[in-house]
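Starting off with a structure, shown below.
The values are calculated or read from the model by the stated rules, or taken from the named source; none is laboratory data. In this text the structure is predicted, and so the values were computed from the model without any measurement. Glycine also receives a Cβ, built like all others from the backbone with ideal geometry; neighbour counts cover every protein chain displayed.
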Ligand SMILES: Cc1cc2nc3c(=O)[nH]c(=O)nc-3n(C[C@H](O)[C@H](O)[C@H](O)COP(=O)(O)OP(=O)(O)OC[C@H]3O[C@@H](n4cnc5c(N)ncnc54)[C@H](O)[C@@H]3O)c2cc1C
Ligand SMILES: Nc1ncnc2c1ncn2[C@@H]1O[C@H](COP(=O)(O)O)[C@@H](O)[C@H]1O
């Protein structure tokens, strides 16, 4: 099976994010950049499918700046076969990202696209669903289990109030949730091998796709800060205060 | 100005609070833009549900019906609803950012060639919208361009719509849908059984973290507190990942966002991803044995204590209060 895994570069989830005073963005001086954690889960799942089936190809794709090579190399070191960097220095919205990825799908013809349910920087949770519609493919978002049987793909999804299972034929788009797997670390031999793997660069402008953003961020502001309250000495004092002071019980 | 169309999700035979929040946000958006707010209920047979929704202030409810819409599936719903949006000429399509809203709205946006804003928390007078990014560490003021725009609403950021005293007309519309072209198939729904209030509806939420150490301790230590307060139960990612409690109890950036009157975090450190899902709660209590745990920086009342002692004591104190 050929699997395409879109990969986004995002700030490490442990980084403290600070909004710049002029509202033009976030301070990037002290940020460590990583693969979006949900995309890491997507790469891991693709590797497991390939390992289980004994054959297949895993292609990574990022749409971003030249620095994003770093995360693609990490994905290759985890075990993906090759990578494509669609280079763009402009801010792109989710529709443009999805359109570019669809173009890559049309060129590469994978059987499956696995990607994160959400990028932890923009928190949009849109690209996978948009791709599925543009391709006319089934979609299974928030996957916690993926199985293949009888020529169909069966996915268990984390939804409100429980777990839902849906089935569909391939090709399809699946987005990952946290419980799908625990991603492996790149091994030293993996890192050595990754240096020789193909990492192709394409200029986004050369694809003939309208990339003008239809959603624009006018400014960023820091959210109102919540002040720490008081420490209480005992359960008795806590209940007393919740009753007479906060009046919530 | 064009109209706002609200996609109204239901569970069984009723509309959860999250849906009424979308209706209210839709009414607010329509008012600011000078148009009206309509709602669509989709399913196999939804006349009764549509009539119920007609009491909540919208100018019309569409019952969009087709046998293939019986169970929610993204492909069928996207086809049926996009056709309706085009027929109505709506300018905004809006839903709550629930599991269904998050699954469906981006697919609809792509089908309608529309930009989409996820999880909005405010509608400004100048037609800009506000949405959180970076786990709530930044609020973005955004602007969208297009004949149609798609929006999901954060359920904690708006009040629920109230009955308006009048009843809007209901129109039954058969969905334009070719079931032969549908590829997705519903197999099963494994519902988490619980008699407790829904996380997103409860006035009080008690959440447990890794500090609870086991699923058994959730039952014997945390649940008495949850039930004494008539609260909903939540959890941190660490507690869910460890299998202590079901997945849909996760509160946070990538789980559920809640803002109850009272949120009690027990044995939760307060990672930024967890805070993103509860820091707008009215009163926050933290019980943690580590005085430096970040959860204390957002807590109104912090109790530095071993939870295995403090939680049972709190239950006792609550019982005393009830009988006093
Ligand atoms: C992509 C991504 C998404 C994420 N999304 C979410 C999300 O949506 N929601 C979420 O919650 N997390 C999320 N996380 C995880 C988050 O970063 C933290 O790892 C997680 O919230 C920690 O859970 P915890 O506080 O229960 O565990 P810990 O951080 O291990 O904290 C346990 C706490 O319990 C206290 N404790 C231990 N024993 C006792 C005792 N006997 N009495 C009292 N206190 C005790 C300790 O002092 C400690 O503070 C996400 C992470 C990533 C990378
Ligand atoms: N610039 C990008 N390049 C590659 N993949 C991306 C990009 N932006 C988003 N994605 C993918 O889309 C998923 C969902 O992102 P979002 O819809 O922005 O929350 C991410 O987990 C990535 O897999």
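Restricting attention to segment B:281-297, and to residues there that are in a loop (DSSP other than H, G, I, E, B) and in contact (Cβ under 8 Å) with a residue 24 or more places away in the chain, which single residue is nearest to ligand 2 (Cβ to nearest atom)?
The initial filter retains those residues of segment B:281-297 that are in a loop (DSSP other than H, G, I, E, B), namely B:281-282, B:289-293.
In the following step, the residues that additionally are in contact (Cβ under 8 Å) with a residue 24 or more places away in the chain were identified as B:281, B:289, B:293.
Values: B:281: 25, B:289: 36, B:293: 29 Å.
Among residues in segment B:281-297 that are in a loop (DSSP other than H, G, I, E, B) and in contact (Cβ under 8 Å) with a residue 24 or more places away in the chain, the one nearest to ligand 2 (Cβ to nearest atom) is B:281.
Go through segment A:12-31 residue by residue and tally those that are in contact with a strand residue (DSSP E or B) (Cβ under 7 Å, 6 or more places away or on another chain) and more than 21 Å from residue A:216 (Cβ to Cβ). Walk me through it before giving the result.
Taking segment A:12-31 and keeping what is in contact with a strand residue (DSSP E or B) (Cβ under 7 Å, 6 or more places away or on another chain), we get A:12, A:17-20, A:23, A:25-26, A:31.
Now restrict to residues that are more than 21 Å from residue A:216 (Cβ to Cβ): A:12, A:18, A:31.
So the count comes out to 3.
Against the definition (in contact with a helix residue (DSSP H, G or I) (Cβ under 8 Å, 6 or more places away or on another chain), facing chain B (nearest Cβ under 9 Å) and closer than 30 Å to residue B:157 by Cα), how does residue A:174 come out, yes or no? Lay out the reasoning, then the answer.
On the way: in contact with a helix residue (DSSP H, G or I) (Cβ under 8 Å, 6 or more places away or on another chain): yes; facing chain B (nearest Cβ under 9 Å): no; closer than 30 Å to residue B:157 by Cα: yes.
Here the answer is no, as residue A:174 does not meet what is asked.
Restricting to segment B:246-280, and then to whatever is facing chain A (nearest Cβ under 9 Å), in a strand (DSSP E or B) and within 10 Å of ligand 1 (Cβ to nearest atom), can you tell me which residue is surrounded by the fewest Cβ atoms within 10 Å (Cβ to Cβ)?
Selected residue: B:256.
Turning to a different aspect of this structure: For segment B:98-130, enumerate the residues that are within 16 Å of ligand 1 (Cβ to nearest atom) and either free of Cβ contacts under 8 Å to residues at least 24 places away in the same chain or more than 8 Å from chain A (Cβ to nearest Cβ) (or both). Steps first, please.
The initial filter retains those residues of segment B:98-130 that are within 16 Å of ligand 1 (Cβ to nearest atom), namely B:98-99, B:102, B:118-119.
If the condition is that a residue be within 16 Å of ligand 1 (Cβ to nearest atom) and either free of Cβ contacts under 8 Å to residues at least 24 places away in the same chain or more than 8 Å from chain A (Cβ to nearest Cβ) (or both), then B:99 is the only one that fits.
Looking at B:150, B:121, B:130 in this structure, which one is over 26 Å from residue B:202 (Cβ atoms) and under 20 Å from the mean Cα position of the chain (by Cα)?
Values: B:121 fails: over 26 Å from residue B:202 (Cβ atoms); B:130 fails: over 26 Å from residue B:202 (Cβ atoms).
Selected residue: B:150, the only one of B:150, B:121, B:130 that is over 26 Å from residue B:202 (Cβ atoms) and under 20 Å from the mean Cα position of the chain (by Cα).
For residue B:243, all conditions in the list (1) within 12 Å of another protein chain (Cβ to nearest Cβ); (2) more than 16 Å from ligand 2 (Cβ to nearest atom); (3) closer than 28 Å to residue A:245 by Cα; (4) in contact with a helix residue (DSSP H, G or I) (Cβ under 9 Å, 6 or more places away or on another chain) hold save one; what is the number of the exception?
Tallying (1) within 12 Å of another protein chain (Cβ to nearest Cβ); (2) more than 16 Å from ligand 2 (Cβ to nearest atom); (3) closer than 28 Å to residue A:245 by Cα; (4) in contact with a helix residue (DSSP H, G or I) (Cβ under 9 Å, 6 or more places away or on another chain), residue B:243 fails exactly one: (3).
I need the full set of residues from segment B:56-92 which are part of a strand (DSSP E or B) and within 14 Å of chain A (Cβ to nearest Cβ), in order please.
Across segment B:56-92, the qualifying residue is only B:92.
If you don't mind, another one. Just give me the residues in segment A:107-139 being facing chain B (nearest Cβ under 8 Å) and in a strand (DSSP E or B), in sequence order.
Within segment A:107-139, just A:139 meets the criteria.
Given the residues A:95, A:76, A:85, which is the only one that is farther than 15 Å from residue A:38 by Cα, outside any helix (DSSP H, G or I) and either within 12 Å of another protein chain (Cβ to nearest Cβ) or at pLDDT 95 or above (or both)?
A:85
Name the pairs: first residue in segment B:214-243 and at positive phi, second residue within 16 Å of ligand 2 (Cβ to nearest atom), Cβ to Cβ under 6 Å, at least 6 apart or on different chains?
Cβ pairs passing all conditions: none.
Somewhere in segment B:309-324, is a residue more than 18 Å from residue B:196 (Cβ to Cβ), within 12 Å of ligand 1 (Cβ to nearest atom) and more than 9 Å from every other protein chain (Cβ to nearest Cβ)?
No, the conditions are met nowhere in segment B:309-324.
Scanning segment A:126-159 for residues that are at positive phi and surrounded by fewer than 21 Cβ atoms within 10 Å (Cβ to Cβ), which turns out nearest to ligand 2 (Cβ to nearest atom)?
Looking at residues that are at positive phi and surrounded by fewer than 21 Cβ atoms within 10 Å (Cβ to Cβ), I get A:136.
I'm checking my understanding of the structure. Among residues of segment A:28-42 that are more than 9 Å from ligand 2 (Cβ to nearest atom) and part of a loop (DSSP other than H, G, I, E, B), which one is surrounded by the most Cβ atoms within 10 Å (Cβ to Cβ)?
In this case the residue turns out to be A:31.
Among the listed residues A:93, A:121, which satisfies the condition of being surrounded by fewer than 20 Cβ atoms within 10 Å (Cβ to Cβ) and near ligand 2 (Cβ under 10 Å from one of its atoms)?
It is A:121.
Please list, ordered by first then second residue, the pairs with beta carbon atoms under 6 Å, 6 or more apart or interchain, first in segment B:132-156 and more than 10 Å from residue A:220 (Cβ to Cβ), second outside any strand (DSSP E or B) and modelled with pLDDT under 95.
Taking only residues 6 or more apart or on different chains, the pairs are B:155/B:200.
The conditions are (1) surrounded by 19 or more Cβ atoms within 10 Å (Cβ to Cβ); (2) within 8 Å of chain B (Cβ to nearest Cβ); (3) more than 26 Å from residue B:74 (Cα to Cα), and residue A:222 fails exactly one of them. Which is it?
Status for residue A:222: all satisfied but (1).
Just checking, which of B:312, B:224 is part of a helix (DSSP H, G or I) and in contact with a helix residue (DSSP H, G or I) (Cβ under 6 Å, 6 or more places away or on another chain)?
Going through B:312, B:224 in turn, just one is part of a helix (DSSP H, G or I) and in contact with a helix residue (DSSP H, G or I) (Cβ under 6 Å, 6 or more places away or on another chain): B:224.
Next up: Confirm whether residue B:116 is in contact with a helix residue (DSSP H, G or I) (Cβ under 7 Å, 6 or more places away or on another chain), modelled with pLDDT of 95 or more and surrounded by 14 or more Cβ atoms within 10 Å (Cβ to Cβ).
yes
In segment B:1-45, how many are surrounded by fewer than 24 Cβ atoms within 10 Å (Cβ to Cβ) and part of a loop (DSSP other than H, G, I, E, B)?
Residues that pass the stated criteria total 14.
Restricting attention to segment B:198-212, which residues are assigned to a loop (DSSP other than H, G, I, E, B), away from ligand 1 (no atom under 16 Å from the Cβ) and at pLDDT 95 or above?
Answer for segment B:198-212, where residues must be assigned to a loop (DSSP other than H, G, I, E, B), away from ligand 1 (no atom under 16 Å from the Cβ) and at pLDDT 95 or above: B:202, B:203.
Yes/no per residue for (1) at the interface with another protein chain (Cβ under 7 Å from one of its Cβ atoms); (2) buried (at least 16 other Cβ atoms within 10 Å of the Cβ); (3) under 30 Å from residue B:304 (Cα atoms):
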site: A:188; (1), (2), (3): no, no, no
site: A:197; (1), (2), (3): no, yes, no
site: A:201; (1), (2), (3): no, no, no
site: A:206; (1), (2), (3): no, no, no
site: A:212; (1), (2), (3): no, no, no
site: A:236; (1), (2), (3): yes, no, yes
